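A.B. asks: One structure is given below, represented as structure tokens, and several questions about it will come after.
The values are calculated or read from the model by the stated rules, or taken from the named source; none is laboratory data. All values derive from a computational prediction rather than experimental measurement. Counting neighbours? That spans all protein chains shown, and the Cβs are built from the backbone with ideal geometry, glycine included. SASA here: full protein model, heavy atoms, side chains in, ligands and nucleic acids out. Shrake-Rupley method; radii C 1.70, N 1.55, O 1.52, S 1.80 Å.
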Amino acid sequence: MFSKSKNILGMNARNLIYIRPNNLKSAKKLADDKLRCKRVLKKAKVPVPRLIKSIKTQEDLDNFDFSTLPNSFVLKPNFGFGGDGIMVVYGRKKGSENVWVKANRSPVTEDYLRTHIKNILDGSFSRTGTSDVAFFEERIKLYPGFKPYAFRGVPDIRIIVYNRVPVMAMMRIPTEASGGTSNLHRGGIGIGIDMATGVTTTAIQYDRVVEKSPRGLLLSGIKIPQWKNILELAIKAQDVSRLGYLGADIAIDRENGPVFMELNARPGLSIQVSNQEGLLTRLNRVEGLKIKTVRRGVALSQNLFGGEIEEEIEGLSGKRIIGTVERIKIIGRNKKEIKIEAKVDTGAGFTSIDLDLAKELGFSETMEEYERIYLEQGEWKKLENLTAKERKLLFKKVPYLVDTAIINSSHGTSYRPIVRVKIIMDKKMIPARITIIDRQHLKYPVIIGRRNLKQFLVEVK
Amino acid sequence: MSTEYSQLVNVALAYGVPLNTVTLILMLPIVVTIITFFRQVIGIKAFGIYTPAMITFAFFSIGAQAGDFSKGIKYGTSIFIMVILIGTLSRILMKRFRLLYLPRMAIVITLVALATLAVLMIGGFFKRTGLAGVEIFPILIMITLVEKFVSTQIEKGSRIAIILSLETLIISLISYSIIRWQPLISFVQQYPWTILLTILINIFLGHWTGLRLMEYFRFKDLISGKNVLKK
């Protein structure tokens, strides 16, 4: 029990280790300022809901012509938080001027809007309680695929991005309990998402696992459209916001596809429950990585944090992720198998194994015969002068020898025999031509070189 | 009562600072340290640090005047709960008028104040004058608690507001019990400088990155690896 709790990110660690050093004050300020966010994101070509009008002062309010408002819109306080003070208007009431309706069909008159805006300007919904700015923006239209799940609102996707890698994601859907907001504290449902495929996994409400939506629909297995695109938006938002530990909120519009809603400098911890996994493990895995491009960040995220559907994705990209030290199995002659730890070294061309190991794998005869001929020839430099054909001829009679090679390594130049084995690494079978060398003085008896790493991405810790 | 005070306390007394004042001021660092401990290690949030500290001293003051530890708890808790109840009722009442925030809050506080007066009078009518005998300042502090409660209700919803109020009540009651504990009072009067230890404790708490006790409960399904969904 204790070891598992170590993987969980708690409030103390989140604040002290992740938010404090990574989310600087200026970046946090930007995240809280919705209008500035909108401008900055738009400039970086991240799609955001279109701004209809911002109202900064009482004068602005007095001069505003409400009849210019479209049929549906959202009214928001600029410095609001936790979804407070947000009013969503769905349509114009038929037959009356300047009267709209909310999702619950209750009417919204011009006076009603004015009072609400006054409250916003007064700072009733702002984080600091000081005066605020109100603005109207385009309403996000519900994506039909999500329609059966959402109650009077639009589900959004929360993605935690750290070090340019999306580490965890969750879909949040509004419920009756949450009053149509996707706020988890208020009873919204959060569903974990498989990072590789964008398919939902476990659902939670009030931090406890639930299986079905209030209307009885299964919540796992929902496919989120344009998943890669969404991950890219999240990384781009991190780049422009400079929030090192970011909670990106993205919604999907029926017509425009993924739209960036909000930057969050203090993302909550429930995402761990809905993904049935702690954040600390994932955060540690991407710590210190240098992610040069947005695409690389997406690929890493999908490869590292894809769950059960991982195999499928790796199959698609064709690459599996391995570490610098991997447990492998070598299959030698007569199906002789040896399990061993190997060093993955992208600096080496050939894979090489230690002499003793080669003998264990059934290449004793090969080595004896090879060494006899080698010694007969004297210095290897003489061998070097021979043509490839001549060399082949020379070692023709050595059993199980496929070739020979001159290897330049940091230890000097050597002339080595090559034999054929099979290597099983990360569940993949690789037929390999490997060199044999005395590696007794080295920590790992096996080095996996570039030639046998074509199917892998190496993750450097 | 112990009569052996430290040099510091004696000097303060000689300059005319009342013993009660000295003691309470020395207790404040202990109270706020208890509150931070509850937040960082146990995970009970309450309404920040100011409100529970004030409520603690309100309890203390009520208890001291009633001359009885348990009366402090009894009267304090009843006023606390009453304030929360009336606050909720008046908020629901005020909702339909759609007033600006501050005027609305002022009306809510007015209603709570009137209700408190009514309760004191009803107490007197039934010849239960204990509460009415209490000085007004601790009661006023309790009344202003309603702002914290109502604004939390608006910001985070009723559920969170009620949880935070209960947490505030619990922390205040615990802190109150601790600062009324005679051995601690004597100790602080004898060794006032030990109060500086709270700074060390807070430095430690400020670096604490472990899971909070409540988080073990919150994430218990995750920790036990129990996945309720059958795959």
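Residues checked against (1) more than 14 Å from chain B (Cβ to nearest Cβ); (2) in a loop (DSSP other than H, G, I, E, B); (3) out of contact with any helix residue (DSSP H, G or I) (no Cβ under 9 Å at 6 or more places or on another chain):
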site: A:Val167; (1), (2), (3): yes, no, no
site: A:Gly179; (1), (2), (3): no, yes, no
site: A:Ile191; (1), (2), (3): no, no, no
site: A:Thr197; (1), (2), (3): yes, yes, no
site: A:Thr201; (1), (2), (3): no, no, no
site: A:Val209; (1), (2), (3): no, no, no
site: A:Pro214; (1), (2), (3): yes, yes, yes
site: A:Gly221; (1), (2), (3): no, yes, yes
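A.B. asks: In addition: Which ones in segment B:3-19 are more than 18 Å from B:Thr194 (Cα to Cα), outside any loop (DSSP other than H, G, I, E, B) and among the polar types (S, T, N, Q)?
C.D. replies: Let us first name the residues in segment B:3-19 that are more than 18 Å from B:Thr194 (Cα to Cα), namely B:3, B:13-18.
This time we only want the ones that are outside any loop (DSSP other than H, G, I, E, B), so: B:13-14.
None; the set is empty.
A.B. asks: Here's something else I'd like to know. Being open to solvent by less than 70 Å² (accessible area, probe 1.4 Å), out of contact with any helix residue (DSSP H, G or I) (no Cβ under 8 Å at 6 or more places or on another chain) and away from chain A (no Cβ under 14 Å), is that true of even one residue in segment B:182-189? Spell out how you get there, then give the answer.
C.D. replies: Of segment B:182-189, the ones open to solvent by less than 70 Å² (accessible area, probe 1.4 Å) are B:184-186, B:188-189.
Those still in the list that are out of contact with any helix residue (DSSP H, G or I) (no Cβ under 8 Å at 6 or more places or on another chain) too: B:186.
Within this subset, residues satisfying the condition of being away from chain A (no Cβ under 14 Å) are B:186.
Within segment B:182-189 (the criterion being open to solvent by less than 70 Å² (accessible area, probe 1.4 Å), out of contact with any helix residue (DSSP H, G or I) (no Cβ under 8 Å at 6 or more places or on another chain) and away from chain A (no Cβ under 14 Å)), the answer is yes, since at least one residue qualifies.
A.B. asks: Residues in segment A:439-455: is at least one modelled with pLDDT of 85 or more, in contact with a Phe, Trp or Tyr (Cβ under 8 Å, 6 or more places away or on another chain) and over 20 Å from A:Lys336 (Cα atoms)?
C.D. replies: Within segment A:439-455, one or more residues are modelled with pLDDT of 85 or more, in contact with a Phe, Trp or Tyr (Cβ under 8 Å, 6 or more places away or on another chain) and over 20 Å from A:Lys336 (Cα atoms).
A.B. asks: Hey, another quick one. Which ones in segment A:10-41 are surrounded by fewer than 16 Cβ atoms within 10 Å (Cβ to Cβ), in a helix (DSSP H, G or I) and away from chain B (no Cβ under 14 Å)?
C.D. replies: If the condition is that a residue be surrounded by fewer than 16 Cβ atoms within 10 Å (Cβ to Cβ), in a helix (DSSP H, G or I) and away from chain B (no Cβ under 14 Å), then A:Lys25, A:Ser26, A:Lys29, A:Arg36, A:Arg39 are the ones that fit.
A.B. asks: Related question: Return yes or no: is A:Leu61 of a type outside the set (Val, Ile, Thr), surrounded by 14 or more Cβ atoms within 10 Å (Cβ to Cβ), over 29 Å from A:Leu233 (Cα atoms) and within 14 Å of chain B (Cβ to nearest Cβ)?
C.D. replies: Values: of a type outside the set (Val, Ile, Thr): yes; surrounded by 14 or more Cβ atoms within 10 Å (Cβ to Cβ): yes; over 29 Å from A:Leu233 (Cα atoms): yes; within 14 Å of chain B (Cβ to nearest Cβ): yes.
Here the answer is yes, as A:Leu61 does meet what is asked.
A.B. asks: Among the residues of segment B:120-153, write down those that are without any contact (Cβ under 8 Å) to a residue 40 or more places away in the chain and either open to solvent by less than 60 Å² (accessible area, probe 1.4 Å) or not in a helix (DSSP H, G or I) (or both).
C.D. replies: Filtering segment B:120-153 for residues without any contact (Cβ under 8 Å) to a residue 40 or more places away in the chain gives B:120-129, B:132, B:136, B:140, B:144.
If the condition is that a residue be without any contact (Cβ under 8 Å) to a residue 40 or more places away in the chain and either open to solvent by less than 60 Å² (accessible area, probe 1.4 Å) or not in a helix (DSSP H, G or I) (or both), then B:Leu120, B:Gly123, B:Gly124, B:Phe126, B:Lys127, B:Arg128, B:Thr129, B:Ala132 are the ones that fit.
A.B. asks: Taking the condition in contact (Cβ under 8 Å) with a residue 24 or more places away in the chain, closer than 30 Å to A:Leu184 by Cβ and either under 19 Å from the mean Cα position of the chain (by Cα) or surrounded by 13 or more Cβ atoms within 10 Å (Cβ to Cβ) (or both), does B:Met214 pass?
C.D. replies: For B:Met214, the condition - in contact (Cβ under 8 Å) with a residue 24 or more places away in the chain, closer than 30 Å to A:Leu184 by Cβ and either under 19 Å from the mean Cα position of the chain (by Cα) or surrounded by 13 or more Cβ atoms within 10 Å (Cβ to Cβ) (or both) - is met.
A.B. asks: Any residue that is in contact with a helix residue (DSSP H, G or I) (Cβ under 8 Å, 6 or more places away or on another chain), crowded, with 16+ Cβ neighbours inside 10 Å and away from chain B (no Cβ under 14 Å) - is there at least one of those in segment A:119-130?
C.D. replies: no
A.B. asks: Exactly one of these conditions fails for B:Ile163: (1) touching a helix residue (DSSP H, G or I) at 6+ places or on another chain (Cβ under 8 Å); (2) within 30 Å of B:Arg98 (Cβ to Cβ). Give me its number.
C.D. replies: The failed condition is (1).
A.B. asks: Filter the strands (runs of 3 or more DSSP E) completely within segment A:329-446 down to those with at least 3 residues that are hydrophobic (A, V, I, L, M, F, W, C) and either surrounded by 14 or more Cβ atoms within 10 Å (Cβ to Cβ) or at negative phi (or both).
C.D. replies: On the way: elements: A:337-344, A:351-354, A:401-409, A:412-425, A:428-437.
Result: A:337-344, A:401-409, A:412-425, A:428-437.
A.B. asks: The conditions are (1) free of Cβ contacts under 8 Å to residues at least 40 places away in the same chain; (2) outside any helix (DSSP H, G or I), and B:Val112 fails exactly one of them. Which is it?
C.D. replies: So B:Val112 meets the others, but not (2).
A.B. asks: Only residues that are surrounded by fewer than 22 Cβ atoms within 10 Å (Cβ to Cβ) and either facing another protein chain (nearest Cβ under 10 Å) or not in a loop (DSSP other than H, G, I, E, B) (or both): list them for segment A:136-155, please.
C.D. replies: Of everything in segment A:136-155, those that are surrounded by fewer than 22 Cβ atoms within 10 Å (Cβ to Cβ) and either facing another protein chain (nearest Cβ under 10 Å) or not in a loop (DSSP other than H, G, I, E, B) (or both) turn out to be A:Glu137, A:Leu142, A:Pro144, A:Gly145, A:Phe146.
A.B. asks: Evaluate the following for A:Lys53: is it basic (Lys, Arg) and either assigned to a loop (DSSP other than H, G, I, E, B) or open to solvent by less than 10 Å² (accessible area, probe 1.4 Å) (or both)? Break it down stepwise before answering.
C.D. replies: Working: basic (Lys, Arg): yes; either assigned to a loop (DSSP other than H, G, I, E, B) or open to solvent by less than 10 Å² (accessible area, probe 1.4 Å) (or both): no.
Spelling it out, it is not the case that A:Lys53 is basic (Lys, Arg) and either assigned to a loop (DSSP other than H, G, I, E, B) or open to solvent by less than 10 Å² (accessible area, probe 1.4 Å) (or both).
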